[in-house]
Every structure is written in C-alpha cells, then in structure tokens.
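S.K.: Here's a structure for you.
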Amino acid sequence: MKIHIREIDHVVIRATNVETMARFYCDVLGCSLEKEQRDLGLTQLRAGRSLIDLLQVGGKLDRVENGVPGAGRNMDHVCLRVEPFDADALNAHLTAQGARLGEQGVRYGADGFGPSLYLFDPEGNMVELKGPPEAARVTTL
C-alpha cells in the first residue's frame, strides 16, 4: 500500500494561554474560530482549508508525555499559504499588531519557490507566511 498525502489537515499547538493565541491567529493572521470545546481544552481555528488546533496545556486532551511547556520544541514552524502576498503590506500589518518578525526571503514550498516571511506567535512558535510560486526556475544540484 502506498499512502498519498493530499494536504495538511491540521496542526496542533500546545498553548499556555489559548485566548491570547486564538486572538493572534484570528486578529493578526486572519484565521476564524471553527469550534471551541472548553471542557476538553481545545480551540480549533480555520486556516483556509486546514485547521490550527490550540490545545490548552494541562487540559483534558493534553498528555503527560508532552512534557513541560517551553522545555522543548517538537515543531520548527507551521507554514500558511497566503494570497495575495504583498510583503510591504504584511510587514506593516504585522508590525502594527505587535508581532515579532523574523527573516523574509524566497523559499521553496509545496508549489515551488516563492516569497516567504517568518514571524512568531505570542508563545514563541515560528509561523511562515508563504506567497504563490514565482515563475518556474531551473535549479542545478
């Protein structure tokens, strides 16, 4: 059997302050609230066709084996495809919202090389905003 991956369905981020994180992902990055299950410590945000799940540290679904929050990083970053990608407008918006910005550049993603901007959410997780691919490039190894 060969598994054929179509896309990322969801990403789960453990959060010590789910409300602050939800505001950031909704107000700053444009996600919307999909479903909230406070009894489970789970808030699900719609990010285009995908979901970003915020899991309350110490909540019912959080597991002991997840360890101490902030003690380790199991995910380098999550990449969100955005269109249109206007780097100046994105930088101005994110700066006005108080987001901590990272490096901007051209990076390779699912659809090829394209513009990219790193930033950090309120709990220090790196987020990449990725624009549409540039014209096809010839690369040599």
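S.K.: Using the alpha carbons of the stretch 75-141, what is the convex hull volume per residue in cubic angstrom, as a whole number?
M.R.: Taking only Cα atoms, the stretch 75-141 has a hull volume of 96 Å³ per residue.
S.K.: Using every alpha carbon pair in the stretch 1-65, what percent of pairs falls into each 5 Å bin from 0 up to the bin containing the largest distance?
M.R.: Pair shares across the bins are 4, 18, 27, 22, 13, 9, 6, 2, 0.
S.K.: Can you tell me the orientation of helix 87-96 relative to the chain, as the angle in degrees between its alpha-carbon axis and the longest Cα principal axis, to the nearest 10?
M.R.: Long axis of 87-96 versus the principal axis of the chain: about 30 degrees.
S.K.: Calculate the FRET efficiency for LEU40 and ARG107 from the Cβ-Cβ distance with a Förster distance of 30 Å, rounded to the nearest 0.05.
M.R.: In this case the efficiency is close to 0.30.
S.K.: Then there is this: For ALA47, which sequence-distant residues (separation of 5 or more, or a different chain) have an amide H within less than 5 Å of its own amide H, given hydrogens modelled in the peptide plane?
M.R.: ILE52
S.K.: Let me know the whole percent of all Cα-Cα pairs from the chain that are separated by more than 26 Å.
M.R.: So the portion of pairs separated by more than 26 Å is 30 percent.
S.K.: Which order do GLU123, GLU103 fall in if you start with the one that has the fewest other Cβ atoms within 10 Å?
M.R.: Exposure proxy ranking, most exposed first: GLU103, GLU123.
S.K.: What does the charge count around GLY98 come to, taking other residues whose C-beta lies under 13 Å from its C-beta (Lys +1, Arg +1, Asp -1, Glu -1)?
M.R.: 0
S.K.: Name the residue, out of GLN97, GLN56, GLN44, whose mean-square fluctuation peaks in a Gaussian network model built on the chain with Cα pairs under 10 Å.
M.R.: Of GLN97, GLN56, GLN44, the most mobile in the Gaussian network model is GLN97.
Just so you know, all these numbers are worked out from the coordinates, no wet-lab data involved. All of these numbers come straight from a predicted model, not from anything done at the bench. Reconstructed Cβ throughout: ideal geometry from the backbone, glycine too, with neighbour counts over all protein chains shown.
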